[in-house]
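Encoded as structure tokens, the structure appears first; notes follow it.
Rule-based calculations on the coordinates, nothing more; no lab input. Computed from a prediction, not measured in an experiment: that's the story for all the values here. As a convention, Cβ positions derive from the backbone with ideal geometry for all residues, glycine included, and neighbour counts pool all protein chains shown.
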């Protein structure tokens, strides 16, 4: 069958309405239009990717908006926490460049987005370390050397993350972290309000296997003391237990939730989540791993919190972890310099949850850094 307006037969894709070019010509004349000739040329990778993205976006816009309030809320959460690890590396690098909160001749500081791992591993398609060469070229041109990681944040944690231009500077910053000379502060929205509202959790942490339906390993508490007949009795601790100390303070609270400022003195894996959940019985909102020791299941929330968040328990799995690295203070890297305090605003879903739960954002200025750039964020 010939294309409309063409005198030669062609290959058509059903439903596309677009001539891809003739397989065989029965005429000595060329195709009658320049458009058909252009369409017959093969697409390069970039043009093909752009076309596929445009078609996908067009398909999304055609999808009817959900009428159910819970479904609308779920779509909102998905949009706020869209996974950047599924995009092209160049797209991720550009997103990270838009989230830069500080840059000088030694350091680049980004506001790490949600859901993005720092390092690669099993099942990880894309991570921050993969795109550091591209990010460096965006900032310093095509001849720029790759940036270097100075520390790490968990995949689900957002906030301040330090990169260095030179490997020597990265090692210097890493040594500051190792020797606990870096002051780190986090914000966390918790389920329930801790008692007392300020204090220090000083309980060692150890990794153990959870004996549930799904065998898995978690970090948990390994106390040095136990209560026996009302008396504190020292117990023999495991040699694998690691010292873990966390300072905390309630910044705002309601009947069922709180905004906490956390200052980890040590840097043990999942320390803040373990101390809050198992030490204070106030798990981080959206922590589906440490809200229950024996199960790997969506966090169980009260009817009151679900109502405020506009969700049902069956949709609680869509809640992201509400843990944000809001501030980091680095000692002077050189004698002639001063210490550097870096601030990052929390992501949009974090601010939205604060408002819904009736919690107040602290009055101090955390606007030094832009919100982590994410596709679909408004």
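Tabulated data for the structure shown
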{"read-out": "Estimated distance in nm for a label pair at residue 171 and residue 338, the labels positioned 7 Å out from Cα along Cα-to-Cβ", "value": "3.0"}
{"read-out": "Volume per residue of the C-alpha convex hull in segment 81-356, rounded to whole Å³", "value": "160"}
{"read-out": "Simple label model, 7 Å out from Cα along Cβ direction - residue 195 to residue 209, nm", "value": "3.8"}
{"read-out": "Length released on extending from residue 145 to residue 76, taking residue separation times 0.36 nm less the Cα-Cα span", "value": "21.0 nm"}
{"read-out": "Relative contact order, percent, segment 88-244 [alpha-carbon distance under 8 Å, six or more residues apart]", "value": "16"}
{"read-out": "Translational diffusion of segment 85-186, µm² s⁻¹ [Kirkwood Rh, Cα pairs; Stokes-Einstein; 10 °C; 1.306 mPa s]", "value": "114"}
{"read-out": "Cα shape, segment 126-218, gyration tensor, a/c 1.5 rule", "value": "prolate"}
